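In what follows, a structure is listed as structure tokens, so that the remarks can point back to it.
The values are calculated or read from the model by the stated rules, or taken from the named source; none is laboratory data. Quick caveat, the model's predicted, so the values are computed rather than measured. As a convention, Cβ positions derive from the backbone with ideal geometry for all residues, glycine included, and neighbour counts pool all protein chains shown. Ligands, DNA and RNA are excluded from the accessible area calculation, which covers all protein heavy atoms including side chains. Shrake-Rupley method; radii C 1.70, N 1.55, O 1.52, S 1.80 Å.
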Amino acid sequence: MVIKRVTKAIPYILLLLIAAPFLTMYIGFFLRAFGERMVLGVIPERWGVNNFRFLWQPIAWGLEKTTMWAALGNTMLFATVSGFIVTVICMLAGYALSRIEFRGKTFFLVLQLILHAVPGQILLIGIFFLLLYIRLLHQIPGVALARAALEIPLGIWMAKGFFDGIPWDVERAAMIDGCTRFQVWYKIFLPLVKPGIAAVFIWGFLFAWHDFIYVYTLLPGTIKLMATLIQNLLATEVVDYGYLAAMSLVYSLPPLILFIFLQRALLKVPIFGGKGAV
Amino acid sequence: MRVFLDRVSKHFGPVKAVDELSLEIGDKEFMALLGPSGCGKTTTLLIVAGFYKPTTGLVLFDDRVVNDVPPRERNIGMVFQSYALYPHMTAFDNIAFPLRLRKMKKQKIKEKVKAVASLLHIEEILHRRPGELSGGQQQRVALARALVKEPSLLLLDEPLSNLDAKLRIMMRAELKRLQKDLGITTIFVTHDQIEAMTMADRVAVLESGRLQQVGSPEELYNMPINLFVAGFIGTPPMNFLVATLEEAEGKLFIKTSHFSLPLPNAIGQKVRSRTTSKAVIIGIRPEDITIGQGEIQGEIYIVEPLGRDTLVTVDVGGETIKVIAPAGFKADPHERIRLAFSLEKIYLFDKETGKSLLI
């Protein structure tokens, strides 16, 4: 009986051990954010929301002032535009690669994987000049476009996977019923791959949301995003860790909320009856 | 509408899925494409539907070549084996979908969907989604979706194979009646010879992408053109025995290692005029053998009562022969038994080519 209990407990103990470093970090993070005047760096003397004062107070930014809300708004714009671009392109490309035969298709698919393996940082200089020439440098939509390009290769594969799951017969039925290829995509496939749309959007949104290097390099100092704002707070002589933790907590909330919202869509996979065709 | 396939071939790389197929389907005709899996029957259907372009050959609707007409402009209705209903729409929306694409007025759509739903007895389930419907109901919705646009050609791709046995027999009759009432030219693909025989006006038997024979169910049953058709049509299938032809006393005899039978004069004459070869294959249907009398000796292998009659497997010198015996026939394995062939019902095939020697 005891042995049985012990054997049952082993996986949980192992999981807890693996999770412990992360849990400790998160706990520390919360304690920092909500605690004031820390003893030994970890134990708060008093609880309070003073660390969150940036929610109602302006923040010094060079010689000027800014607010957290401006940075949050910019970040939201940046991540949403990027996620939107990724979603539209991946949904169109994923359908084409899943359903249409054309010359060089396999090469194109392999190329996407190779492109994904290229780190975004090494493209920075090239992208800088590209955005400069097309007059999109120093603008959030332009940089969002560049950021989206990095996630599109793997996003296309994700989208293709979702389209592959739809039986050919459903597409054929739609075409018999009078759909053009575009109507099949729009009226039949998009509603059926809602989980895929959610997944690809989250993919594009998240990577843009926590991007630092692109927004730091390609946007001017006058346009603040959460990532550059936090970096700015770190780059001072005296770092207020509680303030930083509180801001980081606010920074991590929107993706979390988005995920909770879209989780239902992610789990809602349609069920097909009968035998699917090739 | 008439459909005419003129020497249609479809190649997938080196594979000839359909090979020089010529077939005419008359106006209001119910044509079955019958064959084992991989024989090219579904490929043929997809060519007619417009999803595949023939590698060579022409597809004609009435007198119009439609090779380059996309599926949506062919005015066809199609029911798929998997039904292929749109899972995110209710049954009503599924049926209304083709009409909405034609920008029909809302009121008109409602009327038409209601009409076809009552024809197929599915008025009660129109608000449900495909996931909440049984296989039989899904099939009716799929059929309604195909019929609601009043197509000039109806294509059915193994629509009965996902139904249980009882429902399949019911739908068989219902589909046939519906086709007759509506008078829509119909092509029906199946691997089940009973479905093809019971429902179709004419059956086209395909194998390895080639048309073997096309004709009414009776023609295929009574005058199979080759070994393949003879073996494919009829349950239980025809018995085949290797034999040689021998002349004696002005009569033609078929001789196997175990017995020798004189051929009736009518058959003998036909065979004489068609072949000089001695090696043949005899075909005899299980229902054309009488058990308990005759000069062929065998041993009971097993007896399977089927209710209406009894299926007996007999071992004749190492070859198994299936015989339909009357209901109530009883025998034990290894029991010695006599068999008589109805000689006027015998089939003869060339051993080399497999072609019938009687047609």
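List of remarks:
- Phi to ³J(HN,Hα) by Karplus 6.51 cos²θ - 1.76 cosθ + 1.60 over the stretch B:319-335, Hz, x for Gly, Pro: 9, 9, 10, 8, 10, 8, 9, x, 4, x, 5, 9, 6, 9, x, 6, 5
- Treating each Cα of the stretch B:80-144 as an identical point scatterer and summing with the Debye formula, the log10 of I(q)/I(0) at q = 0.26 Å⁻¹ comes to -1.15.
- Amide H contacts under 5 Å for B:Leu358, placed H, 5+ residues apart: B:Leu348
- Pairwise FRET efficiency - B:Glu219 versus B:His11, Cβ, R0 = 25 Å, nearest 0.05: 0.25
- Annotation for the A:B interface, with buried accessible surface near 2000 Å², both sides summed [1.4 Å probe; non-protein components not counted].
- Per residue accessible area of chain B, 1.4 Å probe, in Å²: 46
- Remark on B:Leu163: its backbone amide H falls under 5 Å from none of the residues 5 or more positions apart or on other chains, H modelled at 1.01 Å from N.
- Estimated FRET transfer efficiency when R0 is 25 angstrom, pair A:Leu132-A:Gln231 (beta carbons, to 0.05): 0.60
- Across the stretch B:255-354, Cα-Cα pairs more than 18 Å apart make up 49 percent of the total.
- Computed over protein heavy atoms with a 1.4 Å probe, the carbon and sulfur contribution to the accessible area of the stretch A:32-104 reaches 67%.
- Distance from the stretch A:68-138 to the stretch A:175-238 (C-alpha centre basis), Å: 9
- In chain B, helices alone account for a calculated mean residue ellipticity at 222 nm of -8000 deg cm²/dmol, with every DSSP H run of four or more residues adding -39,500 (n - 2.57).
- The stretch B:133-242 shape via C-alpha gyration tensor axes, a/c threshold 1.5: prolate
- In nm, spacing of pseudo-spin labels at A:Ala20 and A:Val2 (7 Å Cα→C-beta vector): 2.4
- With a cut-off of 13 Å between beta carbons, the residues surrounding A:Glu36 carry a summed charge of +2, where Lys and Arg count +1 and Asp and Glu -1.
- Shape of the stretch B:25-71, Cα gyration tensor, a/c cut at 1.5: oblate
- Whole-angstrom gap from the stretch B:252-278 to the stretch B:283-359, using each part's C-alpha centre: 19
- Under-5 Å amide H pairs with B:Gln212, H placed in peptide plane, nonlocal only: B:Val205, B:Leu206, B:Glu207
- Excluding ligands, DNA and RNA, the accessible surface per residue across the stretch A:2-48 is 88 Å² with a 1.4 Å probe.
- Per atom type, chain B shows carbon and sulfur on 51% of its accessible surface, probed at 1.4 Å.
- Peptide B:49-57, shielding by other chains (average Cβ, 10 Å cutoff): 1
- Label-point separation in nm, B:Glu295 to B:Lys330, each point 7 Å along Cα→Cβ: 3.3
- Once the mean of 1/r is taken over each pair of separate Cα atoms and inverted, chain B shows a Kirkwood hydrodynamic radius of 23.0 Å.
- DSSP assigns beta bridges within the stretch B:46-200; of those with both partners inside it, close to 20 percent run antiparallel.
- Model label sites at B:Arg308 and A:Asn50, defined 7 Å from Cα along the beta-carbon direction, differ in position by 9.4 nm.
- Taking the Cα atoms of the protein assembly as shown, the ratio Rg/Rh between the radius of gyration and the Kirkwood radius comes to 1.17.
- Net charge over other residues, Cβ less than 12 angstrom from the Cβ of B:Asp68 (K, R count +1; D, E count -1): +2
- Residues A:Leu123 and B:Asp192, FRET efficiency given R0 of 51 Å [Cβ-Cβ distance, rounded to 0.05]: 0.30
- Exceeding the 20 Å Cα-Cα cut-off - candidates B:Lys103/B:Lys180; B:Lys270/B:Lys345; B:Lys16/B:Lys41; A:Lys187/B:Lys53: B:Lys103/B:Lys180; A:Lys187/B:Lys53
- Across the stretch A:53-266, the volume of the C-alpha convex hull divided among the residues equals 147 Å³ per residue.
- Euclidean distance of C-alpha centroids, the stretch B:1-50 and the stretch B:105-178, integer Å: 25
- Remark: mean inter-chain Cβ contacts per residue of B:74-86 equal 6, using a 10 Å Cβ-Cβ cutoff to other protein chain atoms.
- Global geometry of the stretch A:1-135, whether rounded, prolate or oblate, following the gyration tensor of its Cα atoms and the 1.5 cut on a/c: oblate
- Within the shell of other residues whose beta carbon sits under 14 angstrom from the beta carbon of A:Val81, the net charge comes to -1, with Lys and Arg scored +1 and Asp and Glu -1.
- Of the residues A:Leu14, A:Asn50, A:Gly28, the one whose Cα sits farthest towards the positive end of the charge dipole of the stretch A:1-83 is A:Leu14 (charges of +1 on Lys and Arg Cβ, -1 on Asp and Glu Cβ, taken about the Cα centre).
- Counting, for every residue in B:97-106, the Cβ atoms of other protein chains within 10 Å of its Cβ and taking the mean gives 3.
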